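Every number here is computed from the coordinates shown, using simple stated rules; none is lab data. No experiment lies behind these values; they were computed from the predicted model shown. Quick reminder, even Gly has a Cβ in these numbers, built from the backbone with ideal geometry, and neighbours come from all protein chains shown.
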Amino acid sequence: MDKSRNPLIVANWKMNNGISDSLKFVASFSSELKVTGRIEVVLCPPFTSLYSTSIAISETHYKLGAQNLHWEDAGAYTGDISSLFLKEIGCSYVIVGHSERRHVFNEPDEWLKKKVVAAQKSEIIPIFCVGEKLEERENKKTWDVIEHQLKAGLSMFERGKTPLAIAYEPVWAIGTGKNATASQAQEVHSQIRDWVGAHFDRALSDEARILYGGSVNPSNSAEIMKQKDIDGFLVGGASLDPKKFADIVRSGF
Ligand code: PGA
């Protein structure tokens, strides 16, 4: 595969895999697949499994990510977790603005922008998620929606502080078994890359990893991964099965 960017493949376990299941996953996944230097594999367990997962992967090349964060360092924010805590526990990545956070928990752009800043402040790489709903795609509003989400959420992204990772996840493809076709995904990824070039600079647009998410599985991953501007995946459902997730990771080699 002629791409200079290191593939980035992220497991988003959502509200699955408590401590014992996450340990079972790591044991079986690491016997399934040995990850070498070039490809980055990130596991994003729920908060309560972060610590045990962090210990379990300490002798591997896998990295740890969180699914969310609060933008303040500490304070009266019942139920929330700051970037300092995530750093302390060993997170290298954090998902920001997942569609479930945007649409189920109604997180506004303003919060997401502050979360990106907080993650960068702790040198945790934000994986910033964007994606249109079905009616927006049908009304030919896909790019308008995504451009708005990028502008709002990345307006304070500080170039040079952490790498940039963006996940394109069409809302209609998440957990539905209905993935975007490789060419639908590539079209949006190339627009996102152009946008990064125009808003930051060419070098950042060359380096930025743009992931696809939405019903990725072992039978569609290789075709999607071949696309020029697709640098990896954010995987939900299929990341809960060590064998399936290993097969998806192999499509990044
Ligand atoms: P899915 O979820 O792979 O189950 O569609 C992707 C995601 O929500 O990140």
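Key figures
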{"read-out": "Gaussian network model of the chain, springs between alpha carbon atoms under 10 Å - residue of Ile19, Ile95, Ile224 with greatest fluctuation", "value": "Ile19"}
{"read-out": "Rg over Rh, two decimals, region 73-139 (C-alpha only, Kirkwood Rh)", "value": "1.04"}
{"read-out": "Orientation-averaged projected area, Cα convex hull of region 134-253 (nm²)", "value": "7.6 nm²"}
{"read-out": "Overall form of region 124-180 per C-alpha gyration tensor (a/c, 1.5; a/b vs b/c)", "value": "oblate"}
{"read-out": "Computed label-point distance, nm, for sites Asn16 and Arg159 using a 7 Å Cα→Cβ extension", "value": "3.9 nm"}
{"read-out": "Net charge contributed by nearby residues that have their C-beta within less than 12 Å of Ile124 (K/R +1, D/E -1)", "value": "+3"}
{"read-out": "For Lys34, Lys228, order by how many other beta-carbon atoms lie within 10 Å, fewest first", "value": "Lys34, Lys228"}
{"read-out": "Value of [θ]222 nm, deg cm²/dmol, for the chain, DSSP H segments ≥ 4, -39500 (n - 2.57) each, nearest 500", "value": "-11500 deg cm²/dmol"}
{"read-out": "Rounded to 5, the percent of DSSP beta bridges in region 105-253 classed as antiparallel", "value": "0 percent"}
{"read-out": "Relative contact order [Cα under 8 Å, 6+ residues apart], the chain, whole percent", "value": "21 percent"}
{"read-out": "Cα-based equivalent ellipsoid, the chain: semi-axes from gyration tensor eigenvalues, Å", "value": "25, 22, 17"}
